[in-house]
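Q: Pasting a structure here, questions to come.
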Number of protein chains: 4
Amino acid sequence: MSASKLSENAKGVYIIAATPFTDDGALDLQSVDTLTEFYLRCGVHGFTLLGMMGEAHKLTADESLAVVQRVVARAGDRQIIVGVSHAGLENVRRLSHEAMIAGASGVMVAPPPGLKGDDGVYNYYAQIFQALGPDIPVVYQDYPQTTGVYLAPQVFERLVDDFKQLVMLKHEDAPGLAKLTRVREGEKKPGRRRVSILVGNGGLYYPQEMRRGADGAMTGFAWPEMLVQVYELFAKGEAEKAEDLFDIYLPLVRHEVQPAIGLALRKEVLFRRGAIKSPKQRAPGSSLTAHDKAELDTLIKRLERRLASSGHGNKVAAE
Amino acid sequence: MSASKLSENAKGVYIIAATPFTDDGALDLQSVDTLTEFYLRCGVHGFTLLGMMGEAHKLTADESLAVVQRVVARAGDRQIIVGVSHAGLENVRRLSHEAMIAGASGVMVAPPPGLKGDDGVYNYYAQIFQALGPDIPVVYQDYPQTTGVYLAPQVFERLVDDFKQLVMLKHEDAPGLAKLTRVREGEKKPGRRRVSILVGNGGLYYPQEMRRGADGAMTGFAWPEMLVQVYELFAKGEAEKAEDLFDIYLPLVRHEVQPAIGLALRKEVLFRRGAIKSPKQRAPGSSLTAHDKAELDTLIKRLERRLASSGHGNKVAAE
Amino acid sequence: MSASKLSENAKGVYIIAATPFTDDGALDLQSVDTLTEFYLRCGVHGFTLLGMMGEAHKLTADESLAVVQRVVARAGDRQIIVGVSHAGLENVRRLSHEAMIAGASGVMVAPPPGLKGDDGVYNYYAQIFQALGPDIPVVYQDYPQTTGVYLAPQVFERLVDDFKQLVMLKHEDAPGLAKLTRVREGEKKPGRRRVSILVGNGGLYYPQEMRRGADGAMTGFAWPEMLVQVYELFAKGEAEKAEDLFDIYLPLVRHEVQPAIGLALRKEVLFRRGAIKSPKQRAPGSSLTAHDKAELDTLIKRLERRLASSGHGNKVAAE
Amino acid sequence: MSASKLSENAKGVYIIAATPFTDDGALDLQSVDTLTEFYLRCGVHGFTLLGMMGEAHKLTADESLAVVQRVVARAGDRQIIVGVSHAGLENVRRLSHEAMIAGASGVMVAPPPGLKGDDGVYNYYAQIFQALGPDIPVVYQDYPQTTGVYLAPQVFERLVDDFKQLVMLKHEDAPGLAKLTRVREGEKKPGRRRVSILVGNGGLYYPQEMRRGADGAMTGFAWPEMLVQVYELFAKGEAEKAEDLFDIYLPLVRHEVQPAIGLALRKEVLFRRGAIKSPKQRAPGSSLTAHDKAELDTLIKRLERRLASSGHGNKVAAE
């Protein structure tokens, strides 16, 4: 409950936590506990709460805070990043303060739709940093597929140079590999800080991104132990082994990145793995047909077979 | 404080109320009072609170409720419609209950982005109506320029046929004149209810829409007395006189419909007319340059000149 | 047929010409002639051909060239700008060469959708200018409502500084008034060229834009004589008179800016005024219902009444 | 050169052909020949020309026709589908006639952006079918990620019921698996035709789609032999073997589906495999950095290793 503040040195897997509900749509705090423990058993290095995947927009303010507090209570020294994107600057400030007081290590802010041009992006974040002050570490969530806002590498560099509290890039532009390389190369300029880069997009390009200088992943894949093991293999310099393991899971990584239905699949897997009591999303949400479930069965059986035949079989049973 | 429930018979001008803040961004409840009284002096028939123009997305839940309560307290028998659009169905339900308990006459719901096809729209609203029950009157806000969701006339008709609580169409598709005519013609089918249609888009096509069968306006033009007078002239069958008056204000109607800067212009006018203590928007918001203000001066002087020369001069001083 | 090249000094009204078709959808070159003459009688200072409004995307390459040649043949010394936006750079080059050889004074290029960030815009136009060479004058069409590409003033200035062939900004961002002022202020920097700015958006903010430093209009309003007279009154320093005249036409300016239906309205007016033989658009296009036509009748009668009562009555009969 | 007409019975892999250019951007017709032969050696069952991936929008009309003629000349009895999407209906008609006369088996039409509601989609295609007549087989390209137009299953069914020339669905909505299943289930209704469904999206969900009833793939993956072998294994009822093979290629399938950079990767692979003389795209196009190429090297080496160790090693050398 006394995790350190998020810094440029953050590394590893910050799992984007699902938010569990009961079958009738109530926030299920007991499942928050079991899910937190599931993630810890998988070896995650940190948590990201109330992101887009966390159905944060369907929670009340009180519920949001309750989720943060509940995870903090069990996460020990693991850092917790809380999504605080909001249309109003004052709400971003308030949510950030509440999160930090509750024990978060930092906050994550995506740009609101409609920012225009490089200066529009810079100025918005300058406002954010001034409103939050120098003591709240901030993650820039670069997800233009949803926000419609493009982050030019130069703009990110201006922000890094001007605001010390900007410590991490949540990287999920698409195409994004060249941008990642570009940011890493820009950091070679004398005097520029190297920030942490964690990658999203469901992990679809995780090994390529690690080879290009990412520090880990921030995504919600339902087999977090893979994300962790791949990270650790890269940390040991065993890139090919890491990618071998990743490729075994790739059919499911790809299956989960499907728009709209992806979250239903993730929650179904978390439910099957015993991490949450119900796969239910709050309405309006997606759900799985019998056909979808049978298809998932097939994919999971194929995964288990490949894990077994490759000698990784014991690891799937993290729970 | 005991306004009736919104019904298909709603008519007139339901002003979309601005939300006043102090210069340092705090909710200014005293200005809510003075603004409410200003609107009442202008003769509005009802209020719409917490719409897109009302900066509702920058308020906390408590602030939103406080605004509703404050307006209800002064609005007498004028009906109040409260915007309750939200990503989560449960939040729509909760906000609607709070609004109705606070004295609202009905709620307004815009579709969330991403609904797909005619059935996607129908099914979302069917869910809404089931969640809210038959006793909360609902306005469909048809504003695809922002939501990206197209409402086909047939879908609206299916909803009207299936859900009695759908009593009003907030009409602001663009182009929208043909749709308005189409909906009115569809209502001639035996057994179909005629619903209220109030028009938005800043009132830019108000006379054309009234001639095509609209029942009034729901918009936030900063000279609400024009909206009211035009409505009353139409009600008396004096369409040409109504449009003559409208045309005098048209340069300012058009000026206020500018994206992004429009709200700054409206709040500036409300401020100049003494209705609110500060034209400030909550960050991030637009603001006016000295150039913008001088331009507004010119336009207002031109308005006053034309009002004077047309014999309407006395009416601008509603405050 | 020997018009000069377009330069930074371009001023006045460059009418965006409609493209006339016969009732069965064939290109109507005789109506191109009568329309050209109609525009000349209205006093336009130049022409813009094959713009978005000109249904250029529905023409074959041969038809496009035929339209340019036909207008050139009758336009005398009036300058002609030809829209050459295309997905492929080589096609832009080819179309530009064909247009210039046919007698155009310059070409207009809108950015393709998908350009990212300030550098994305700069680099695209740098490619264009390099492909076209220094001898083809170019107009930047800034219409983000359709292209989705934002032009930051700084980017425009970099382009103006680096490429002498960039001589004009077709200004139709919305909101755009502040950008226009910003560009004009940026030109006060020693050494920077002042470029021509013609305004679009159907002329909806024409007087405001002229007061802020625009050099005229490039739009397709179906009463071009108003655009010309307003320009000339501004040129004589009679801003208030100019705006008085504009305001008389504003109800129709506003009526024509309706998305989708706007072109149908313009062609109907041009047809009624005898400028073209058929109001037909090529499929898929919009068309007017009996209701729409009656509404237009009403608006035109109102216009004629106001023109008559203001002493401008004789001017409507430009044809 | 005398391929049959496209019908509901179409099955297998219709490769979306890249369009080869020389290093200086000229259309490279000799590479069209070698590429056609490469595809034939890979065993493709048909071709799709001038699709979005084929850079069709950067070709002149003459070039487009030349590409069709050149492929027809070598494709023997393989069916050829030609993309004819265009803003103007008359252009769709003309391009379709030219393609069919040149030897195409059918044409493919994507909806233009801006169609509204279920009826908007139905009516557009009804216009298309009427313009093309009953003798030109048509493929509906359902790719809302680019067009922004959603195709409801019911609308597709209405079109299938009403227009016999609609013989194929190019399926690439995302999420799309449920829609595919829904269309197949709808076909069980007595009297409804079963149409061919070929899947796109780079093949990312190819095995899942085959299991759900797809008839094959229409995509441009640079190892078409995999697409063919997977199809053939499914045809033999060996779904698990098919998916085993697919999974070996999945890292590259996924790599190629990257927006913007994907085509550069495909052309690079086709170039390395000797199918085309240059990987160049026409400007403006994407290109690969040294970093990108090294990354591709790594992925290809990994592919070759996995193919070898799985006993498929010999098959990569299709050329």
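The values are calculated or read from the model by the stated rules, or taken from the named source; none is laboratory data. These numbers come from a predicted model, not from an experiment. Here Cβ is always computed from backbone atoms with ideal geometry, including for glycine, and neighbour counts include all displayed protein chains.
Q: Restricting attention to the stretch A:136-152, and to residues there that are more than 18 Å from the chain's Cα centre (by Cα) and surrounded by 18 or more Cβ atoms within 10 Å (Cβ to Cβ), which single residue is nearest to residue A:47 (Cα to Cα)?
A: Restricting to residues being more than 18 Å from the chain's Cα centre (by Cα) and surrounded by 18 or more Cβ atoms within 10 Å (Cβ to Cβ), the top hit is A:136.
Q: Where residues in the stretch C:66-87 are within 18 Å of residue D:87 (Cα to Cα) and surrounded by fewer than 23 Cβ atoms within 10 Å (Cβ to Cβ), which of them is farthest from the other protein chains (Cβ to nearest Cβ)?
A: In this case the residue turns out to be C:85.
Q: Can I ask one more? Give the stretch D:213-253 a look and list any residue that's closer than 15 Å to residue D:169 by Cα and surrounded by fewer than 23 Cβ atoms within 10 Å (Cβ to Cβ), or say none.
A: D:213
Q: Is it fair to say residue C:45 is at pLDDT below 95 and under 18 Å from the mean Cα position of the chain (by Cα)?
A: Considered against the rule, which asks whether it is at pLDDT below 95 and under 18 Å from the mean Cα position of the chain (by Cα), residue C:45 comes out as no.
Q: Right, another one. Report whether or not residue C:161 is within 11 Å of another protein chain (Cβ to nearest Cβ), part of a helix (DSSP H, G or I) and not basic (Lys, Arg).
A: no
Q: Which of the residues spanning the stretch C:158-175 are in contact with a strand residue (DSSP E or B) (Cβ under 8 Å, 6 or more places away or on another chain) and not hydrophobic (A, V, I, L, M, F, W, C)?
A: Across the stretch C:158-175, the qualifying residues are C:165, C:170, C:171, C:172, C:173.
Q: Check residue C:128 against each of (1) surrounded by fewer than 17 Cβ atoms within 10 Å (Cβ to Cβ); (2) within 12 Å of chain D (Cβ to nearest Cβ); (3) among the β-branched types (Val, Ile, Thr) and name the one condition it does not meet.
A: All conditions are met except number (1).
Q: Is it true that residue D:185 is among the charged types (D, E, K, R) and touching a strand residue (DSSP E or B) at 6+ places or on another chain (Cβ under 7 Å)?
A: no
Q: Evaluate the stretch C:19-42: report whether one residue or more is under 15 Å from residue C:108 (Cβ atoms) and of a type in the set (A, V, I, L, M, F, W, C).
A: For the stretch C:19-42, residues under 15 Å from residue C:108 (Cβ atoms) and of a type in the set (A, V, I, L, M, F, W, C): absent.
Q: Please go through the stretch B:213-240 and pick out each residue that is within 12 Å of another protein chain (Cβ to nearest Cβ) and over 19 Å from the mean Cα position of the chain (by Cα).
A: Those that are within 12 Å of another protein chain (Cβ to nearest Cβ) and over 19 Å from the mean Cα position of the chain (by Cα): B:239, B:240.
Q: Which of (1) over 15 Å from residue A:51 (Cα atoms); (2) within 14 Å of chain B (Cβ to nearest Cβ); (3) touching a residue at least 24 places away in the same chain (Cβ under 8 Å); (4) not hydrophobic (A, V, I, L, M, F, W, C) is the odd one out, the single condition residue A:147 does not satisfy?
A: Only one criterion is unmet by residue A:147, namely (1).
Q: Residue under question is residue D:115, and the condition is that it be touching a residue at least 40 places away in the same chain (Cβ under 8 Å), under 30 Å from residue B:145 (Cβ atoms) and buried (at least 21 other Cβ atoms within 10 Å of the Cβ); does it hold?
A: no
Q: Among the residues of the stretch A:297-308, are any farther than 26 Å from residue A:241 by Cα, more than 14 Å from chain B (Cβ to nearest Cβ) and modelled with pLDDT of 95 or more?
A: yes
Q: With (1) at pLDDT below 95; (2) more than 12 Å from chain D (Cβ to nearest Cβ) as the list, and residue B:108 as the residue in question, which single condition is left unmet?
A: For residue B:108, the failing item is (1).
Q: Moving on to the next point. Any residue that is farther than 21 Å from residue B:179 by Cα, hydroxyl-bearing (Ser, Thr, Tyr) and in contact with a Ser or Thr (Cβ under 7 Å, 6 or more places away or on another chain) - is there at least one of those in the stretch C:248-261?
A: No, every residue in the stretch C:248-261 fails to be farther than 21 Å from residue B:179 by Cα, hydroxyl-bearing (Ser, Thr, Tyr) and in contact with a Ser or Thr (Cβ under 7 Å, 6 or more places away or on another chain).
Q: Which one is farthest from the other protein chains (Cβ to nearest Cβ) among residues in the stretch D:181-209 that are buried (at least 22 other Cβ atoms within 10 Å of the Cβ) and assigned to a helix (DSSP H, G or I)?
A: D:183
Q: Being in contact with a Pro (Cβ under 9 Å, 6 or more places away or on another chain), in contact (Cβ under 8 Å) with a residue 40 or more places away in the chain, assigned to a loop (DSSP other than H, G, I, E, B) and surrounded by 15 or more Cβ atoms within 10 Å (Cβ to Cβ) narrows it down to one of B:35, B:6, so name that one.
A: B:6
Q: Continuing with this model, one more query. Six or more apart or on different chains, Cβ under 8 Å: which pairs go from a residue in the stretch D:268-294 that's within 14 Å of chain C (Cβ to nearest Cβ) to one that's outside any loop (DSSP other than H, G, I, E, B) and of a type in the set (Phe, Trp, Tyr)? Could you list them?
A: Cβ pairs passing all conditions: D:280/D:21; D:281/D:21; D:282/D:21; D:284/C:124.
Q: A follow-up question, please. Search the stretch D:169-180 for residues being assigned to a helix (DSSP H, G or I) and out of contact with any Leu (no Cβ under 9 Å at 6 or more places or on another chain), and hand back the single one that is farthest from residue D:260 (Cα to Cα).
A: This residue is D:178.
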